[in-house]
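Chemist: Sharing a structure below in structure tokens format, with a few things to ask.
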Amino acid sequence: MNTDHAAHLAPTEPRLFNRELSLLAFHERVLAQAQDESVPLLERLRFLCISSTNVDEFFEIRVARMKHALELGATNPGADGTPINEVLRAVHQRARALVRSQNETYQQCLLPAMANEGILIAPRVSWTKKVRKHLHDYFRRNILPVLSPFGLDPARPFPHIVNKSLNFIVGLKGDDALKRSARYAVVQAPRSLPRLIKLPPELGMGNDTFVFLASMIRAFTKDVFPGMQIKGCHQFRVTRNSDLFLEGEDFDDLMIALKDRLAERHRAAVVRMEMSEHCEPEYVNFLRDHFGLSENDCYGVNGPVNLNRMAALYDLVDRPDLKDPPLRPGLPQIEDLFDELDRGDKLLHHPYESFAPVLSFLRQAARDPKVLAIKQTLYRTGSDSAVVDALVEAAQNGKEVTVVIELRARFDEADNIQLANRLHAVGAHVAYGVVGFKTHAKMLLVVRQDDHGLRRYVHLGTGNYHPSTAKVYTDYGFFTSDAVITEDVHSVFLQLTGLSHKPSLGKLRQAPFDLHSYLLTCIAREARHAAEGKAAQIMVRVNSLVEPRIITALYNASNAGVSIDLIVRGMCCLRPGVPGLSENIRVRSVLGRFLEHSRVYYFSNGGKERLYLASADWMDRNFFRRVEVGFPIEDKALKARLIEELELYLNDEAGAWQLDADGTYTRVGPNRQTGPSVQHELLTRASAEHDRPVQPPDRLIPI
């Protein structure tokens with residue numbers, strides 16, 4: 001085979017796609033769900049809000065890092081060879097187009113469609129006298145008392161603007177009663193105020209009519225500055241650097257250090273400003289100068305500056321016909337998990353199968369007098385967690401409870417600090433992970449004394465111990481009493497809570513130690529098998545694929561003739577389908593009602609198939625800066641089931657996108673409503689298997 005890779009790529013085409021642009025491409029695919037008319041209307045609105053939130057986080061983390069690196073003088077290109085300043089320029093261009101498309105989707109698609117269904121967002125020009133009087137009274141009673149306007153002069157400096165909060169820049173003219181004058185003022189909308197206010201039906205504008213808080217503040221600005229002439233009032237918000245960096249710093253207590261960083265997050269550097277696209281340059285320039293932003297950092301929007309606030313409408317409107325059918329996951333009938341696991345391994349696929357057995361396992365362990373100890377890792381679990389309730393109960397019942405809480409789980413830091421304090425209070429042993437390495441592994445170990453001595457039982461997962469996200473994220477949960485795996489998990493916990501050398505594990509593969517090297521070995525083995533004329537196949541499901549050495553190994557395997565199918569939900573830096581480089585590699589992304597989150601690695605291995613589930617994506621951070629575990633599925637029936645489900649993903653036509661060699665994504669199926677849908681198929685199967693009928697949807701659920 002031709003291995004002269006460069007001969008098949010134009011000089012300007014790198015072997016790797018840029019990761020930041022690849023991530024924006026994922027956000028574009030999410031937005032496409034909001035534009036898909038086969039998706040129920042309020043689900044389309046939800047996808048628009050998710051898209052908006054995704055872009056916010058992209059600026060808070062990815063753009064913030066690039067800008068910070070440039071400020072420090074770093075210009076080194078990434079793995080794809082593009083210098084940081086060029087990436088940032090391309091990111092702004094792509095993000096600006098994405099934001100424009102978000103606003104067009106809202107204004108031109110969703111608002112008219114909702115109006116046709118009697119769901120109205122009433123602009124000021126549509127307010128009747130009766131409506132205006134009602135809103136004015138509401139404003140004076142419920143909004144004005146909590147507003148704190150700031151006229152800007154030497155005695156009243158520019159107030160601090162909270163990250164992603166709603167604010168207004170107001171142009172003023174005239175003197176107040178104290179003979180003060182200010183050219184500008186700032187009004188901040190407290191987060192306690194609802195962004196959407198529902199109008200009473202008796203006002204004659206329908207049963208589901210809403211008004212934006214921003215519209216009311218603009219309409220009644222004179223009440224905020226009585227006697228002053230209002231020259232203009234425009235909403236704006238800023239996005240700040242939200243990246244918390246603690247690794248390598250000198251501190252004695254991780255929790256105290258993290259609390260300090262959380263307090264600083266709201267005062268971090270501004271990386272983006274959003275304003276109405278109709279705002280006069282005078283106001284834009286004034287704010288730009290104050291925040292020290294370039295023109296590239298300013299984004300004009302046609303509509304609300306925070307589309308994510310529209311998510312409240314989903315719950316405010318009682319229209320089941322405009323939403324997905326209620327989720328009715330399969331519920332395996334398991335009376336006693338300890339007895340079940342003594343007979344063999346168990347596998348759950350969420351959300352098609354309920355997360356309830358995981359909670360039942362914890363509760364059973366907490367109450368079983370034979371259980372001596374429970375050890376668990378927590379990354380994201382929610383502020384009001386049934387998982388933590390069970391751990392608290394276990395500690396109160398005298399069990400030895402050890403919990404490794406990753407305090408640095410991004411945007412869940414404050415919740416995790418509260419959970420740690422709650423567990424501390426009942427006598428549980430709490431560790432905060434490993435400085436320099438986030439603990440991302442999903443492990444639950446129960447030690448039980450029975451008639452045969454001490455027995456260990458383990459749950460391992462690809463996703464978090466979070467009952468709420470388990471209803472919307474696709475993840476696998478694996479139960480086993482396998483002696484080698486449970487001993488491995490015990491060794492990893494000893495490493496996390498104590499001090500030890502690299503553990504010698506029997507079946508688990510662990511990052512940052514051998515997971516990366518093991519995968520390279522598996523990929524190289526497939527390449528050898530192909531070179532020897534044997535059948536060779538790799539199938540992988542991950543959220544992201546960006547690690548260069550893994551990608552190079554996949555290129556080499558492709559050149560050797562290995563058939564490679566990669567199901568990558570989000571970022572993918574591998575360039576598929578290039579002759580002489582990756583012609584045997586296919587990449588697809590599957591999106592839909594549920595967020596694809598599972599990590600599955602399959603290698604045909606010359607007929608002795610190897611299949612691993614894992615907590616790790618194929619990224620540098622997962623391989624080298626996190627504690628992760630990959631665990632084998634050895635039961636023949638479970639392995640066959642997982643392989644079949646991988647093939648369902650490869651045959652999906654309802655929600656699959658194919659990545660082309662030029663970096664574009666194209667939809668796979670010609671008919672998104674009637675084509676095979678893996679999510680719908682798996683939901684139907686699980687419901688039928690466990691006698692929990694799923695409500696027939698009006699359409700096949702796209703993914």
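The values are calculated or read from the model by the stated rules, or taken from the named source; none is laboratory data. Worth saying up front: this structure is predicted, and the values here are computed from it rather than measured. Heads up, the Cβs are rebuilt from the backbone with ideal geometry, glycines too, and the neighbour counts pull from every protein chain shown. Quick note on the areas: whole protein, heavy atoms, side chains included, nothing else; ligands and nucleic acids left out. Shrake-Rupley method; radii C 1.70, N 1.55, O 1.52, S 1.80 Å.
Chemist: Check the straight Cα-Cα distances from Lys534 and name the lysines below 27 Å, setting aside those fewer than 8 residues away within the same chain.
Modeler: Lys507, Lys608, Lys636, Lys639
Chemist: Under 1.5 on a/c is rounded, so check that first for region 57-118, then, if it is not, pick prolate when a/b is larger than b/c and oblate when it is not; a ≥ b ≥ c are the square roots of the alpha carbon gyration tensor eigenvalues.
Modeler: prolate
Chemist: Could you list which residues have their amide H under 5 Å from that of Ile121, counting only those 5 or more apart in sequence or on another chain, with H placed in the peptide plane?
Modeler: So Ile121 has HN proximity to Phe210.
Chemist: If you don't mind, another one. Given the protein chains as shown and a 1.4 Å probe, how many square angstrom of Arg65 are accessible, to the nearest 10?
Modeler: Answer for Arg65: close to 100 Å² accessible.
Chemist: Would you kindly state how much longer the chain becomes between Ser148 and Lys636 on full extension, computed as 0.36 nm times their sequence separation minus their alpha carbon distance, in nm to one decimal?
Modeler: That pair, Ser148 and Lys636, stretches by 169.1 nm at full extension.
Chemist: Just to confirm the number: angle between the C-alpha axis of helix 356-367 and the first principal axis of the chain, 0 to 90 degrees, nearest 10?
Modeler: Approximately 70 degrees, to the nearest 10.
Chemist: Please list, in chain and number order, the residues 5+ apart from Thr474 or on another chain whose amide H is under 5 Å from its amide H, with Hs placed from the backbone.
Modeler: Hits under the 5 Å cutoff: Leu595, Glu596, His597, Ser598.
Chemist: Only Cα pairs under 8 Å and at least 6 apart count here; give the relative contact order of region 438-571 as a rounded whole percent.
Modeler: 16
Chemist: Let me check against my output: what whole-number percent is the relative contact order of region 547-605, with C-alpha pairs under 8 Å and at least 6 apart?
Modeler: Worked out over region 547-605, it gives 32 percent.
Chemist: Please give the helix 386-396 orientation as an angle from the longest Cα principal axis of the chain, in degrees from 0 to 90, rounded to the nearest 10.
Modeler: Its long axis makes an angle of about 70 degrees.
Chemist: Whole-Hz Karplus ³J(HN,Hα) for region 480-493, in order, using 6.51 cos²θ - 1.76 cosθ + 1.60 and θ = phi - 60°, x for Gly and Pro?
Modeler: Along region 480-493, the couplings run 7, 10, 3, 4, 6, 5, 5, 5, 4, 4, 4, 5, 5, 5 Hz.
Chemist: Let me ask something else. Please list the non-local residues whose amide H lies under 5 Å from the amide H of Phe17, H modeled 1.01 Å from N, same-chain partners needing a gap of 5 or more.
Modeler: Leu574, Arg575
Chemist: Continuing with the same structure: For labels at Arg363 and Ala269 in the simple 7 Å Cα→Cβ model, what's the distance in nm?
Modeler: Once both label points are built, they end up 5.0 nm from each other.
Chemist: Each residue of region 610-621 in order: what ³J(HN,Hα) in whole Hz does its phi give by Karplus 6.51 cos²θ - 1.76 cosθ + 1.60, θ = phi - 60°, with x for Gly and Pro?
Modeler: Karplus-based 3J(HN,Hα) across region 610-621 equals 10, 9, 10, 9, 7, 8, 9, 7, 8, 10, 3, 4 Hz.
Chemist: At 1.4 Å probe radius, can you tell me the per residue accessible area of the chain in Å²?
Modeler: Result: 42 Å² per residue.
Chemist: Mind checking the full-extension length gain between Glu532 and Leu494? Use 0.36 nm per residue of separation minus the Cα-Cα distance, one decimal, nm.
Modeler: Contour length minus Cα-Cα distance gives 9.4 nm.
Chemist: Same structure again: Considering Cα pairs under 8 angstrom that are at least six residues apart, work out the relative contact order of the chain and quote it in whole percent.
Modeler: This gives 13 percent for the chain.
Chemist: Let me ask another. Are there any GluC sites (Glu not before Pro) in region 466-555 that are in a DSSP loop and have at most 15 other Cβ atoms within 10 Å? List them by number.
Modeler: Glu532
Chemist: Something else now. Rounding to the nearest 20 debye, state how big the charge dipole of the chain is about its Cα centre with +1 on each Lys and Arg Cβ and -1 on each Asp and Glu Cβ.
Modeler: For the chain, the charge dipole is close to 1860 debye.
Chemist: Tally the DSSP beta bridges in the chain and give the antiparallel ones as a percent, rounded to 5.
Modeler: Counting only bridges with both partners in the chain, antiparallel ones make up about 65 percent.
Chemist: Return one number: the angle in degrees, 0 to 90 and rounded to the nearest 10, between the long axis of the Cα atoms of helix 515-531 and the longest principal axis of the Cα atoms of the chain.
Modeler: Tilt relative to the chain: about 60 degrees.
Chemist: Another question, then. Show me the GluC sites (Glu not before Pro) within region 334-407 that DSSP assigns to loop and that have at most 12 other Cβ atoms within 10 Å of their Cβ.
Modeler: The qualifying sites are Glu335.
Chemist: Could you report the accessible area of Asp336 in Å², rounded to 10, computed with a 1.4 Å probe on the protein chains as they sit in the structure?
Modeler: 40
Chemist: Probe 1.4 Å, all protein chains in place: accessible area of Glu280 in Å², nearest 10?
Modeler: Rounded to the nearest 10, the figure is 80 Å².
Chemist: Given a 1.4 angstrom probe, I'd like the percentage of the accessible area of the chain that is carbon and sulfur, rounded to a whole number.
Modeler: Looking at the chain in its full context, I get 49 percent from C and S.
Chemist: Within region 568-654, report the trypsin sites (Lys or Arg not before Pro) that DSSP leaves as loop and that have at most 16 other Cβ atoms within 10 Å.
Modeler: For trypsin sites (Lys or Arg not before Pro) across region 568-654 that sit outside H, G, I, E and B with at most 16 neighbouring Cβ atoms in 10 Å, the list reads Lys608, Arg625.
Chemist: Through the Karplus equation 6.51 cos²θ - 1.76 cosθ + 1.60, θ set to phi - 60°, convert the phi angles of region 575-586 into ³J(HN,Hα) values in whole Hz; use x for Gly and Pro.
Modeler: Listing the rounded values in order: 9, x, x, 8, x, x, 10, 8, 5, 9, 10, 10 Hz.
Chemist: Hey, how much of the P(r) for the chain falls beyond 42 Å, as a percent of Cα pairs?
Modeler: 33
Chemist: Identify all lysines with a Cα-Cα distance to Lys502 below 22 Å; exclude those on the same chain that are fewer than 8 residues away in sequence.
Modeler: List returned: Lys375, Lys438, Lys442.
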